Amino acid sequence: MFEICNRRIDDKRSELVLLTQALIQIPTINPPGDAYTPCAELIGNRLRKRQFDVQYIRAHDTPGDSDTFPRTNVVARLEGKRPGKTVHFNSHIDVVEVGDDWTFDPFSGEVRDGKVYGRGACDMKGGLAASIIAVEAYIEANPDFSGAIEISGTVDEESGGFGGVAHLASKGLFSKPRVDHVIIPEPLNKDRVCLGHRGVWWAEIETFGTQAHGSMPFLGDSAIRHMGSVVNAFETELYPQLAQKRTQMPVVPEGAKQSTMNFNSIHGGESETGAGGKPDDYDGLPSPNVADSCRLILDRRFLIEEDLATVKGEVTSILDGLKSDREAFDYAIRDIMEVLPTMTERDAPVVEAVSQGIRQVMGKEPEYVISPGTYDQKHIARIGHLHDCIAYGPGILDLAHMADEYVVIEDMIESAKVMCHAIHVLLEAR
Ligand SMILES: [Zn+2]
């Protein structure tokens, strides 16, 4: 079986390239979530021709959904000849904005030196195309397979996945008994199995002050100076603590094996753009004011060994400490996003099946990794309660979201072979 699959995938090389190009040529940029429907239809029409049952599911009332930018997901399912398990390949169809540094047309899908270039080539239309070709090769090689195979193209992963995998999971599409094993072909490199990701906490901290004329700041109280004391306390107290927290999770790259925190933004005083009655194109002088508000958005990434309540407590105890240290210091804190860390067991069926595929196709031991950032596995674990889920796909992680993003054609071929192998192990050999 594995020999037949490998040969069929080799024969489909040009078809694989054409499919990758066709997917790249639909500019599914998010935000705002453009062209989702034609991209979902490209996948659905192709699989319907191969007897899949195809459903389009629009996530009404999720962030960004509108008649101009509908959140259109596609789920395709093919039943086998006998009852059995279901293997599901889930890819997000959205891509991030382009930026100015490209030397290629980001939506042409140009091929050069064995690579397909374009926005989303790596993250993750190359992986989506590889999984479709893997499934098609498998069905041709083994038309009497047991169980079922599903392929989905989902939206909004880059903006949290609420209109995509989270929405489908809330409808039971990522739970047993419908689905047993999930592979997400994100670009984690073709010889790596990604077991999960670190946790995320985003929060907005606001400090308060009292307005006054900038020439007499002693009559007011500066919210910006209060925020300065917050940042300073984080530098001296929190960052050294975070550097001490090391995880047993195999996170890549090395720097992400510890707890981390970034400030996504900081803003105090008069608005710089539109807000506050000031037009976007105003380029006059500001006025002298003492700021009555300053806001900071923090992005804290935490480890499986930490719990969210403690992570939050480290921040609020510093803020409460400042309340007693600084006169008139007051703050508010608002949660923006919470994602718990998730890690699939090393001996889970999908991990073993893909590992066998990597050994067979590449003749090497797979590397087991954890992603520094989250992806749609969080929704499958938390909403779908399905834990036999990994990310595995072609594409070089570091190229994701960069200018001149590409996917190596040979990497797609090899990972398609691994996926084909894994399907057979999961559906027939267990
Ligand atoms: Zn991605």
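Quick note: the coordinates plus some simple rules give every number you see, no bench work behind them. These figures come from a predicted structure and were not determined experimentally. No Cβ is skipped: glycine too gets one built from the backbone with ideal geometry, and neighbour counts run over all protein chains shown.
With the contact rule set at Cα under 8 Å and sequence spacing of 6 or more, what percent relative contact order holds for the chain?
Details: 960 pairs, mean separation 106.9, N = 430.
Averaging sequence separation for qualifying contacts and normalising by length gives 25 percent for the chain.
Could you work out, for the chain, what percent of all Cα-Cα pairs fall into each 10 Å distance bin, beginning at 0 Å and stopping at the bin that holds the largest distance?
5, 20, 27, 22, 14, 8, 3, 1, 0
Once you've got the Cα coordinates, tell me which of Lys125/Lys364; Lys85/Lys171; Lys81/Lys417; Lys115/Lys417; Lys85/Lys190 are over 29 Å apart. Each step should come with its number before you reach the end.
Values: Lys125/Lys364 26 Å; Lys85/Lys171 19 Å; Lys81/Lys417 23 Å; Lys115/Lys417 18 Å; Lys85/Lys190 25 Å.
Among Lys125/Lys364; Lys85/Lys171; Lys81/Lys417; Lys115/Lys417; Lys85/Lys190, the Cα-Cα distance tops 29 Å for no pair.
Of the listed peptides 398-408, 312-322, what is their order by residue-averaged count of other C-beta atoms within 10 Å, with the highest listed first?
Details: 398-408: 19.1, 312-322: 15.5.
The peptides rank, most packed first, as 398-408, 312-322.
So if I place +1 on the C-beta of Lys and Arg and -1 on the C-beta of Asp and Glu, and nothing else carries charge, what would the dipole magnitude of the chain be about its Cα centre? I want it in debye, nearest 20.
Values: 43 positive and 66 negative charges, 348 e Å.
That gives the chain a dipole magnitude of about 1680 debye.
For region 2-57, rounded, prolate or oblate, judged on the Cα gyration tensor with a ≥ b ≥ c (square roots of eigenvalues), a/c < 1.5 rounded, else prolate if a/b > b/c? Intermediate values should be presented prior to the final figure.
Details: a/c = 3.17, a/b = 1.64, b/c = 1.93.
Cα axes put region 2-57 in the oblate bin.
Note down the nm distance, to one decimal, between modelled labels 7 Å out along Cα→Cβ at Thr210 and at Tyr239.
Roughly 3.3 nm, to one decimal.
Let me understand region 111-150 better: what is its radius of gyration from the alpha carbons, and its Dmax, in angstrom?
13.6, 40
For region 1-119, just say rounded, prolate or oblate: build the C-alpha gyration tensor, square-root its eigenvalues into a ≥ b ≥ c, call rounded for a/c under 1.5, and beyond that prolate if a/b exceeds b/c, oblate if not.
Values: a/c = 2.63, a/b = 1.14, b/c = 2.30.
The shape class here is oblate.
Mind sorting Thr72, Thr310, Thr207, Thr37 by how few other Cβ atoms lie within 10 Å of their own Cβ, fewest first?
Values: Thr72 25, Thr310 9, Thr207 28, Thr37 19.
By the 10 Å Cβ count, ascending, the order reads Thr310, Thr37, Thr72, Thr207.
Could you grab the Rg to Rh ratio for region 177-259? Cα atoms only, Kirkwood for Rh. Let's see the in-between values first.
Values: Rg = 22.0 Å, Rh = 17.6 Å.
Checking Rg against Rh, the ratio lands at 1.25.
Points 7 angstrom from Cα along the Cβ direction at Asp61 and Met362: gap in nanometres?
4.4
Expressed as a rounded percentage, what relative contact order does region 1-100 have, with Cα pairs under 8 Å and six or more residues apart? It would help to have the intermediate numbers written out before the result.
On the way: 102 pairs, mean separation 28.8, N = 100.
Value for region 1-100: 29 percent.
When each pair of different Cα atoms in region 361-430 is counted once in the 1/r mean, what is the Kirkwood radius in angstroms, to one decimal?
14.5
Relative contact order for region 299-430 using alpha-carbon pairs under 8 Å, separation at least 6, rounded to a whole percent? All intermediate terms of the calculation are to be shown ahead of the outcome.
Details: 87 pairs, mean separation 34.7, N = 132.
Value for region 299-430: 26 percent.
Return the single residue from Pro250, Pro286, Pro366 with maximal mean-square fluctuation; model: Gaussian network over the chain, springs between Cα atoms under 10 Å.
Result for the chain, Cα springs under 10 Å: Pro286 fluctuates most.
In the chain, what cysteines have no partner Cβ closer than 4.7 Å?
Singleton cysteines: Cys39, Cys122, Cys194, Cys294, Cys389.
Give me the distance in nm between label points sitting 7 Å out from Cα along the Cα-to-Cβ direction at Asp10 and Arg246, one decimal.
Between Asp10 and Arg246, the simple spin-label model gives 4.5 nm.
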